[in-house]
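What follows is a single structure, written as structure tokens, with notes after it.
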Amino acid sequence: MAVLAVAAVLCTPGTRGIRAAEVDVPTESEVKAAMIYNFAQFVEWPGTNLKPSQSPFVIGIFGEDPIEAILNDTLKGETFQNRAVQVRQGSALSDAKVCDILFVPQSQQKHISEVLEAIRGDSTLTVGDTEDFILLGGMIAFKKEGNKVRFQINPEAATRSGLKISSKLLRLAVPQSDSSTKGGN
């Protein structure tokens, strides 16, 4: 995305003197926040667990992370599946249980196992920011490759929670070894 923004500015007539440093390049947190929301577009929640349209579609952040403010700013007034999108930050396990998508940042690494255990069986898409998130049973883990933010997917964990991840999203994921998807959720 950032590469396209830089290329567009550099190729626009009359911008010959503009330096690449003047182009707004999204931060890593902004990229991750956009990805978290966009993951929802490629996940099918089970019909029996769909909440009524008057209840919000909750994107939760377990613990504190800059992604919360970015998601709040970006998603204000947005809807998903006819439900208002709401961003919530919490640090209690009960906070995690009300989420449709739950992001567990690296700062909460020591709590990943207990968070995933607390929502086991819930139809919550879990997204994490640590290398061992998939191994511990998380569904989607961010992975940094150079300057790029990529992601890995544990489709078995999603299936166990009743979620179906689109093949389009699965194709975009970074491949992983079979041993990296053994964790349960």
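Scanning segment 51-75 for residues that are over 22 Å from G138 (Cα atoms), in contact (Cβ under 8 Å) with a residue 24 or more places away in the chain and assigned to a helix (DSSP H, G or I) returns I70, T74, L75. In the set (1) buried (at least 19 other Cβ atoms within 10 Å of the Cβ); (2) in a helix (DSSP H, G or I); (3) of a type outside the set (D, E); (4) touching a helix residue (DSSP H, G or I) at 6+ places or on another chain (Cβ under 9 Å), the condition left unmet by A158 is number (4).
Only residues that are part of a helix (DSSP H, G or I) and either touching a His at 6+ places or on another chain (Cβ under 7 Å) or without any contact (Cβ under 8 Å) to a residue 24 or more places away in the chain (or both) were counted in segment 114-149, giving 2.
So, L93, is that one within 17 Å of the chain's Cα centre (by Cα) and in contact (Cβ under 8 Å) with a residue 12 or more places away in the chain or not? No, not satisfied. In the set (1) of a type outside the set (K, R); (2) more than 21 Å from L169 (Cα to Cα); (3) crowded, with 17+ Cβ neighbours inside 10 Å, V127 fails one condition alone, (2).
For segment 76-113, filtering for residues that are part of a loop (DSSP other than H, G, I, E, B) and not aliphatic (A, V, I, L, M) leaves 10.
Which is farther than 21 Å from K168 by Cβ, surrounded by 16 or more Cβ atoms within 10 Å (Cβ to Cβ) and aromatic (F, W, Y), of F62, F80?
F62
Quick check, is T48 surrounded by 21 or more Cβ atoms within 10 Å (Cβ to Cβ) and either part of a helix (DSSP H, G or I) or modelled with pLDDT of 90 or more (or both)? Considered against the rule, which asks whether it is surrounded by 21 or more Cβ atoms within 10 Å (Cβ to Cβ) and either part of a helix (DSSP H, G or I) or modelled with pLDDT of 90 or more (or both), T48 comes out as no. Determine if segment 134-150 includes at least one residue that is aromatic (F, W, Y), surrounded by 14 or more Cβ atoms within 10 Å (Cβ to Cβ), more than 18 Å from P175 (Cβ to Cβ) and modelled with pLDDT of 95 or more. So far as segment 134-150 goes, no, none of its residues is aromatic (F, W, Y), surrounded by 14 or more Cβ atoms within 10 Å (Cβ to Cβ), more than 18 Å from P175 (Cβ to Cβ) and modelled with pLDDT of 95 or more. Restricting attention to segment 161-177, the residues that are out of contact with any Phe, Trp or Tyr (no Cβ under 9 Å at 6 or more places or on another chain) and either modelled with pLDDT under 50 or not in a helix (DSSP H, G or I) (or both) total 4.
The values are calculated or read from the model by the stated rules, or taken from the named source; none is laboratory data. As the structure is a prediction and not an experimental result, all values here were calculated from the model. Reconstructed Cβ throughout: ideal geometry from the backbone, glycine too, with neighbour counts over all protein chains shown.
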